[in-house]
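Notes follow the structure.
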Amino acid sequence: MKVVLDHLTKRFPNINIKIKTEVVAVDDFDFEIPDGKLIGLLGPSGCGKSTTLNLICGLETPTEGRVFFGDDDVTKLPPENRGVGLVFQNYALYPHLTVRQNIMFPLQNLKGADKLTKQQMEEKVLEAAKLVQIDGLLDRKPSEMSGGQQQRVAIARALVKRPKVLLLDEPLSNLDARLRLQTREEIKRIQRETGITTIFVTHDQEEAMSISDLIVVMEAGKVNQIGKPQDVYDDPVNLFVAKFLGTPAINVFDAEVRDGVLWIAGDDVMDGVDVPDQKVWAGIRPEAFVPDDSGKMECKLVNVEVMGRDTSVVSTHEGMQGVSIRAIISAENKVDQTKEIVNFRLRPAKVYLFDKTSSKRIYFGDQKPLGRA
Ligand SMILES: Nc1ncnc2c1ncn2[C@@H]1O[C@H](COP(=O)(O)OP(=O)(O)O)[C@@H](O)[C@H]1O
Ligand SMILES: [Mg+2]
């Protein structure tokens with residue numbers, strides 16, 4: 001089922017009633033979520049992710065705009081009639097019910113023609129439990145299970161009615177690191193097996209990048225960029241997106257373009273920058289740095305750490321006080337650790353320039369806009 005967000009806007013009165021201005025939680029979200037895909041809704045806390053989900057499932061009504069499931073306008077439909085499955089961070093299981101009863105719960109209030117016999121319900125529960133691999137635990141109470149298992153129960157409960165759309169709001173945030181990794185792989189598998197259009201909300205860029213077919217990067221209610229994770233990483237439309245994606249984070253420097261040359265802290269670090277002379281933000285991905293004795297960026301080595309295939313290099317630059325430069329060097333390029341100084345040249349494809357005022361991307365050389373702003 002495709003989900004169409006048609007110019008969705010949600011404004012709330014300010015929580016502080018003395019402030020008359022409204023909070024624009026979601027600002028003109030306009031996108032068609034393709035059928036059967038897993039969409040990662042990514043952004044910092046307070047950017048409007050949960051509000052977007054609530055508009056899709058009907059827990060909130062939009063101030064402006066409409067929501068379609070397929071060709072049906074569901075904007076005015078109550079949540080229970082939309083056919084959505086919801087999973088939250090805190091599992092929200094009934095503690096006094098067994099796993100079986102928790103999963104069965106949504107089936108018990110079906111009315112009329114949809115009403116199921118006890119045996120049909122049992123079958124559906126077992127099917128959902130198998131899908132999330134907890135079919136051996138059906139007689140336990142939630143308190144007798146780990147967080148990861150409880151979240152599986154919550155997912156099974158969301159799936160038992162075969163929803164048209166599955167919505168997950170930070171479902172992994174309460175799990176420890178190992179379980180988070182495992183459960184996110186599980187969610188990916190379940191989504192593939194069921195083919196249910198799924199929207200996965202997270203503030204964790206790595207989580208969103210690893211699980212999603214498409215990611216939507218939001219900031220302060222506004223969609224900044226939508227695209228395949230790798231495309232958004234490789235081609236951020238603005239400084240916010242560039243900084244939000246990637247670990248280690250992109251290095252951002254005060255820089256200037258003069259006569260086609262990029263200058264950072266007094267070094268002419270790269271040429272071929274065919275844009276008008278101006279001051280810019282230069283965003284340089286850690287993997288853009290190539291150790292090269294003739295490289296123009298001269299840095300002082302602080303720390304070199306071999307991490308399996310790659311090497312992490314932290315350095316500083318004379319012209320930039322208090323700035324640590326983080327580089328990831330691939331195996332074929334060695335850094336001489338006995339030296340105090342390392343010279344870098346930059347891979348132009350991994351260097352991004354941004355307007356000093358608008359923070360929008362400035363494309364140069366072979367770079368071209370990709371995705372949508
Ligand atoms: N019911 C509400 N009343 C007033 N403001 C709200 C309400 N719900 C959310 N907000 C505000 O809307 C913005 C987006 O919130 P939310 O969608 O919960 O963000 P996220 O899920 O990305 O952390 C925040 O500024 C939040 O304070
Ligand atoms: Mg939220």
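The values are calculated or read from the model by the stated rules, or taken from the named source; none is laboratory data. Please read all numbers here as calculations on a predicted model, not as lab measurements. Note that each Cβ is placed from the backbone with ideal geometry, even for glycine, and that neighbours are counted across all protein chains shown.
Things to note:
- Summed over the range 125-159, the residues that are part of a helix (DSSP H, G or I), closer than 20 Å to PHE200 by Cα and not basic (Lys, Arg) give a count of 13.
- Taking strands (runs of 3 or more DSSP E) as the structural unit, no element lying wholly within the range 254-351 holds at least 2 residues that are in contact with a helix residue (DSSP H, G or I) (Cβ under 7 Å, 6 or more places away or on another chain), charged (D, E, K, R) and at positive phi.
- For the criterion of being closer than 24 Å to ALA158 by Cα and assigned by TED's automatic domain parsing to the domain that holds MET209, THR52 passes.
- Flag for GLU185 being under 19 Å from the mean Cα position of the chain (by Cα), charged (D, E, K, R) and more than 16 Å from ligand 2 (Cβ to nearest atom): yes
- One residue alone among PHE244, PHE253 is of a type in the set (Phe, Trp, Tyr), closer than 25 Å to ILE33 by Cα and in contact (Cβ under 8 Å) with a residue 24 or more places away in the chain, and that residue is PHE244.
- Selection status of ASP234, farther than 30 Å from GLN101 by Cβ, of a type outside the set (A, V, I, L, M, F, W, C) and over 14 Å from the mean Cα position of the chain (by Cα): yes
- Within the range 66-85, tally of residues that are within 16 Å of ligand 1 (Cβ to nearest atom) and modelled with pLDDT of 95 or more: 1
- The residues on offer are ASP30, ASP73, and the sole one that is more than 16 Å from ligand 2 (Cβ to nearest atom) and closer than 27 Å to ASP204 by Cα is ASP30.
- When LEU138 is tested against the conditions (1) surrounded by fewer than 15 Cβ atoms within 10 Å (Cβ to Cβ); (2) more than 32 Å from the chain's Cα centre (by Cα), the lone failure is (1).
- Test for GLY58: is it of a type in the set (Gly, Ala, Ser), over 16 Å from ILE226 (Cα atoms), buried (at least 17 other Cβ atoms within 10 Å of the Cβ) and free of Cβ contacts under 8 Å to residues at least 40 places away in the same chain: yes
This table checks each residue for (1) surrounded by fewer than 17 Cβ atoms within 10 Å (Cβ to Cβ); (2) away from ligand 1 (no atom under 13 Å from the Cβ); (3) more than 25 Å from ASP234 (Cα to Cα).
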site: PRO163; (1), (2), (3): no, yes, yes
site: LEU167; (1), (2), (3): no, no, yes
site: ASN174; (1), (2), (3): yes, yes, yes
site: ARG178; (1), (2), (3): yes, yes, yes
site: THR197; (1), (2), (3): no, yes, yes
site: THR202; (1), (2), (3): no, no, no
site: GLU207; (1), (2), (3): no, yes, no
site: SER212; (1), (2), (3): no, yes, no
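- Exclusive hit being within 14 Å of ligand 1 (Cβ to nearest atom) and over 21 Å from the mean Cα position of the chain (by Cα), set THR52, THR63: THR63
- Options PRO369, PRO286: the member that is surrounded by 15 or more Cβ atoms within 10 Å (Cβ to Cβ) and closer than 25 Å to GLN230 by Cα: PRO286
- Test for ARG100: is it within 15 Å of ligand 1 (Cβ to nearest atom), in contact (Cβ under 8 Å) with a residue 24 or more places away in the chain and basic (Lys, Arg): no
- Per the conditions (1) within 17 Å of the chain's Cα centre (by Cα); (2) over 17 Å from MET218 (Cβ atoms), the sole criterion not satisfied by LYS18 is (1).
- Check on ILE33, among the aliphatic types (A, V, I, L, M) and away from ligand 1 (no atom under 16 Å from the Cβ): yes
Here is a yes/no grid of residues against (1) more than 16 Å from ligand 2 (Cβ to nearest atom); (2) closer than 24 Å to ASP231 by Cα; (3) touching a residue at least 60 places away in the same chain (Cβ under 8 Å); (4) assigned by TED's automatic domain parsing to the domain that holds SER50:
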residue	(1), (2), (3), (4)
GLU170	no, yes, yes, yes
LEU175	yes, no, no, yes
LEU179	yes, no, no, yes
ARG189	yes, yes, no, yes
HIS203	no, yes, yes, yes
GLU206	yes, yes, no, yes
ILE211	yes, yes, yes, yes
